[in-house]
Each structure stands twice: as C-alpha cells, then as structure tokens.
Amino acid sequence: MDPLSVSCALLLTQSDIKKALGATVPSGSVRVKDVADPERGVTGKARCRFGSTDGGKTGKVTVLLTTYNNAASAAKQVTLTRSSEEDLGATSSAATVRGYPARILLRDGGLIVLQYDTWTLSVVAADKLASADKLTSGLPLLAEQVLARILKNA
C-alpha cells in the first residue's frame, strides 16, 4: 500500500473539517510533494494543504504523509515529533485512531501524529483555527477519516 498515491481531494473535505473542528476553510487542496531523506529512512513525503489561500505555501489544515524504509524508522519519527513539540511547550495527550495509538500535540494550533506500519500520518491545524478543546476532540476524527480513506483508496 502506498499512502502517497492517494489524491488529496479524497482525504478530507470542507465539510469534514467543519464537523470535526467547527471551522470553515476555503475549498480545495494543494498537494506539495517533498523529497526522500535517506539519513532518516524517509522514502517519500507528501503534504496536502486544505484551505490554502497562498498557492499551497500554508494551509488551514495540512495532512502530512511520510513513508519510511521500515517500521522502526517510522516509530522513531513519531517519538521525535512528540519530544520536539513537548520541548517547545506543547501539551501532549494520547489518542487512538482506528485502533492505532496516536499523540495529540497542542502548540500554536495542533497536530495529531500516528504510525501505520512503515508510514506516518499527521494532521495539523493552523493556529487559531479552533479552540484547544475542539482540536483535542476533532483532530482524532480527522485522522480517522484520512486513514480510512487511504486504506480504501491506496
């Protein structure tokens, strides 16, 4: 399964974001393909920016999908993301997404990150898009929708 092969348009909609976070974002998505990073075991990376008004430089909600050469490299990145965000002052809480452990990190907006086999999925909400309570309850819902759609379409 290649999560990077799934179209951004299939991953989330304005309606999904509105239901989960209570936020209205501009329509459409922009895909930004990134490069592999062999030193970290990264074999591919793509960002889907939703609600972008600057050609994809930023987004109101961003889905980041990263593939790795093995599950250990993916797990290491989840741990690194968590510790980096916590070091910067993020509040951290555990969540579950379709049975997989995930971590919600709130700092200048919020993100949820989880590992699925040899890849990771992050959903990032921009600063001031939603309250901390909405992010804590809504980010797992968005991650669940993205994961389900990847598993169905990859």
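The values are calculated or read from the model by the stated rules, or taken from the named source; none is laboratory data. Please read these numbers as outputs of a predicted model, since none were measured by experiment. A quick note on method: Cβ atoms are made from the backbone with ideal geometry, for glycine too, and the neighbour counts reach across all protein chains shown. Remember, those area values only see protein heavy atoms, side chains included, never the ligands or the DNA or RNA. Shrake-Rupley method; radii C 1.70, N 1.55, O 1.52, S 1.80 Å.
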Whole-Hz Karplus ³J(HN,Hα) for the range 45-51, in order, using 6.51 cos²θ - 1.76 cosθ + 1.60 and θ = phi - 60°, x for Gly and Pro? 7, 9, 10, 10, 9, 9, x
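Counting pairs on different chains as well as pairs 8 or more places apart, how many Lys pairs in the chain have Cα atoms under 13 Å apart?
Numbers: LYS18/LYS60; LYS18/LYS134; LYS19/LYS134; LYS33/LYS45; LYS33/LYS57; LYS60/LYS128.
For the chain, qualifying lysine pairs total 6.
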For LEU64, LEU10, LEU135, LEU151, the accessible-area ranking with a 1.4 Å probe, largest leading, is LEU10, LEU151, LEU64, LEU135
Considering only protein heavy atoms and a 1.4 Å probe, what is the carbon-and-sulfur percentage of the accessible area of the chain? 50
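For TYR68, TYR116, give the ranking by accessible area with the largest first, probe 1.4 Å.
TYR116, TYR68
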Which one of SER92, LEU106, VAL146 has its Cα pushed farthest toward the positive end of the charge dipole of the chain, where Lys and Arg give +1 and Asp and Glu give -1 at the Cβ? VAL146
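Largest first, how would VAL35, VAL123 line up by accessible area (1.4 Å probe)?
Values: VAL35 105, VAL123 0 Å².
Listed by decreasing accessible area, they come as VAL35, VAL123.
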Zone reached by a paramagnetic label modelled 7 Å from ASP34 Cα along Cα→Cβ, restricted to the range 103-129 with backbone N below 19 Å, covers 103-127
In square angstrom, rounded to the nearest 10, how much accessible surface does GLU144 have for a 1.4 Å probe? 80
Translational D in µm²/s for the chain (Stokes-Einstein at 20 °C, 1.002 mPa s, Kirkwood Rh from C-alpha pairs): 140
The chain, dipole about Cα centre (Lys/Arg Cβ +1, Asp/Glu Cβ -1), debye to the nearest 20: 380
Towards the positive end of the charge dipole of the chain, with charges on Cβ (+1 Lys, Arg; -1 Asp, Glu), say which of ILE17, SER137, GLY41 has the farthest Cα. ILE17
Label LEU88 and SER5 with points 7 Å out from Cα along Cα→Cβ: what is the distance between them in nm? 3.3
With x for Gly and Pro, the residue-by-residue ³J(HN,Hα) of the range 117-125, computed from phi through the Karplus equation 6.51 cos²θ - 1.76 cosθ + 1.60 at θ = phi - 60° and given in whole Hz, is 6, 9, 9, 10, 10, 10, 10, 10, 10
Taking 0.36 nm per residue of separation between ASP54 and ASN69 and subtracting their Cα-Cα distance, the length gained on full extension comes to 2.1 nm
Given a 1.4 Å probe and the protein chains all in place, what does the accessible area of SER29 round to, in Å² to the nearest 10? 50
Once the mean 1/r over all distinct Cα pairs of the range 33-82 is inverted, what Kirkwood radius in angstroms do you read off? 11.8
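If each DSSP helix of 4+ residues adds -39,500 (n - 2.57) and the sum is divided by the residues in the chain, what number results at 222 nm, nearest 500 deg cm²/dmol? Walk me through the numbers before you get to the answer.
Working: 4 runs with 51 residues, N = 154.
Result for the chain, helices only: -10500 deg cm²/dmol.
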